[in-house]
Structures are given as structure tokens and as C-alpha cells.
Amino acid sequence: MSLAFLHAHDCSEAHTNAVWGVSWTKNDNVVSISADGSIKQWASSSGEPYRPPNSSTDYQVPSPHTLGLVSLSVSPDGRRALYNSLEGLTSMWNLETGKREGTFESFMREEGAGNAEAAWSVSLNPSGSTYASAGGHGNITIRSAEPENFGQKVSTVFSGRNKFGMCCSYSPDGKRVALSSEIGHVFILDVESNTFANTYTSHAMSVRSVAWSPDGNLLLSASEDKRLILYDVRVSSGNSGGAVATFSGHSSWVLCADISPDSRFGLSGSADKSIKVWDIAARAAVSTMQDTGEVWSVSWRPRAPAVGSVGAFVSGGEDGVVKWWRGAGAGV
């Protein structure tokens, strides 16, 4: 089986450097972050900068940071965007009001703590009350996401590996956090017990990205070993390493991944300048799109596709352009 995806349109104003993160929100807008230090919101229908209708005159888009923004996590209701900079400044932007609800300098040593662990990857709990962060020591730190005490530490869980934490991501139900590392390991943290429930070692190189299925049963990882691996997190890692499927076909590092809202398709972007759509049941690539440079981030449209449609997604890459793609015969 093969599927056709069409390049629908681009954002009207490109970032001045690579797009390092994109997220298609429940409100049908797209949020992007860039190596140019900016975060922007776009209308998916047109690619134009988006400002909520009837917003107040003091609505503001955050000023560009002096360093690049490397991690993005948008709340399930599409109202808040958590993002993190290259040196570890974590911020929360209210997409509806334009207000910055909190900032936290994770690179600063906290009283009574050891050396600071600057955040690299951040993920907002679906409840909105906390966020997870990971960085150079390979630990997961849970912090408050509430405006009144934003960044206050709740807990830190040690992975047992002093290796860089590349990506962390809350499961859709907020009960688990996935953490990937520079040595190819993927850890699953049980939030309630504050312990790691599973460790997967199927990758041979750094795991750049992880993505949960909507029901939280599956996890897709993207690695510099040119592969994506699908895990069933309900099954103990055991002797099989937890992997239930491997997707091969990229010719260079796989930089990002996502799973469609109906869990039928995987999505990946690569340093080989291509985007691939994978049929999860068939364990095969069903569509390949060429881009102009490295594809750093991809995100499916979160609403379930119409009958007969395979949906739509957005990508961000080295050229600084946010791009919308849709299945042939579907609208965006």
C-alpha cells in the first residue's frame, strides 16, 4: 500500500533559522520554536501568524530569546505552551492571553541541591499542574507548572545512567514519563511510584525523540541509528527488549517521530531530508516526502481524520519554514 501526501502550504513568514519544534494544537493552530530563539503561533488554514480573536490589546508574542529554543510541549487543550532554551531557561506562554505565566532558570544551582542539571527537554503533564525535564545527567525532574510557583521542584528520579537525557514525554494520561538517552536507552517512569518501570535497550545510538500513541499503550522512538522502534509499554522489557516492531528506511539519523490520532500511522523526519509515513500494522513505509534540509520536528493534526482520509501533519526543518501536509483528497 502507498499513500499520497500533498504539500498544502507554508507559513507566511519563515523563521530566520532552523525550526526545532512544531506542535499542531487541539485548537487547529500550530506552534513552532526555532534556533533563532523565537516561538510563534500559526493559523493552520492559511499559514499566517495567529492571534486569538477578541484578544486584548496587550496580547504579546514572547520576544525572541538570545539562544535557540530546543524543546516544546503544548497542553492537550491547546491553551498553554511550555518551551525550553539551549541553556535551560524554561518558560510557559499562555496562547490565549499572550501572557508569560512563568520562567525558570534550570541552570542555576538550587539551595540544598548538588550541581544544577540544566533542562534540555521538557514535557507538560496533561493535567497542567507539573512538567518533567531532562538534561545532561540523564535524570527526570518533576517541577510545578503553576504560575504561583513555576519551576519549584517536586521530585527527581535518577535513571542510574549519567548520560544525556535527549527527550522526555508525559503519557496522555499523565501516569508515565518516557525518557530517551544519548546511548540509545529508553526509560519509562511510573509517576505514582516515582520509579522506572521499564528500560528498553533496542537502539544502538542516541534516541532523539519519543512519541506516545493516544491511548498510551504504544511508544515510538526515533534514533540516530536510522531506525524507529515501537514498544508496547504494557509488556515488561524482558528478553525481547520491549520492541514489537522496527521501522527501517531512512538513510541518516531519525530526528523526530509522532503517532497519528487513530494510531494507524507513524510519522518521522530525518537528517536525510525526508519525511516518512509508516503503516504501523503493516510495519512498512507508505509515503515519503522530500524536504530541502534536515527535518527536525513533525506533528500530526490531533483530530481524528474524516472517513476515507489519512489525515494531515505539519513539519519544521533546517530551512526555517513550517510546512503543512495533507493526505490526497483531504483538506487542511
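Below, the figures for the structure above:
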{"quantity": "Inter-part distance where segment 22-68 and segment 273-332 are each reduced to a Cα centre, Å", "calculated": "20 Å"}
{"quantity": "FRET efficiency for residue 183 and residue 246, using Cβ-Cβ distance with R0 set to 22 Å, rounded to 0.05", "calculated": "0.75"}
{"quantity": "Residue 263-residue 6 pseudo-label distance in nm [points 7 Å out on the Cα-to-Cβ vector]", "calculated": "3.1 nm"}
{"quantity": "Heavy-atom accessible surface of the chain: percent carbon and sulfur, 1.4 Å", "calculated": "47 percent"}
{"quantity": "Loop-resident sites, segment 1-100, for chymotrypsin sites (Phe, Trp or Tyr not before Pro), counting at most 16 other Cβ within 10 Å (DSSP)", "calculated": "59"}
{"quantity": "Centroid-to-centroid separation of segment 72-94 and segment 241-260 [C-alpha atoms, Å]", "calculated": "25 Å"}
{"quantity": "Label-point separation in nm, residue 17 to residue 66, each point 7 Å along Cα→Cβ", "calculated": "1.3 nm"}
{"quantity": "Sequence-distant lysines (8 or more away, or on other chains) whose Cα lies within less than 25 Å of residue 153", "calculated": "99, 163, 175"}
{"quantity": "Two-site label geometry, residue 201 and residue 58: point separation in nm, points 7 Å out along Cα→Cβ", "calculated": "5.5 nm"}
{"quantity": "Gained length - residue 51 relative to residue 234, 0.36 nm times residue gap less alpha-carbon distance", "calculated": "61.8 nm"}
{"quantity": "Sites excluded, GluC sites (Glu not before Pro) in DSSP loops with at most 14 other C-beta within 10 Å, longest stretch of the chain", "calculated": "193-332"}
{"quantity": "Debye, to nearest 20: dipole size of the chain, +1 on Lys, Arg Cβ, -1 on Asp, Glu Cβ", "calculated": "560 debye"}
{"quantity": "Heavy-atom accessible area per residue - the chain, 1.4 Å, Å²", "calculated": "41 Å²"}
{"quantity": "Relative contact order, percent, the chain [alpha-carbon distance under 8 Å, six or more residues apart]", "calculated": "15 percent"}
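The values are calculated or read from the model by the stated rules, or taken from the named source; none is laboratory data. The model shown is predicted, which means the values in this text are computed figures rather than measured ones. With ideal geometry, Cβ positions are generated from the backbone for all residues, glycine too; neighbour counts draw on all protein chains shown. Surface areas here come from the heavy atoms of the whole protein model, side chains and all, with no ligands, DNA or RNA. Shrake-Rupley method; radii C 1.70, N 1.55, O 1.52, S 1.80 Å.
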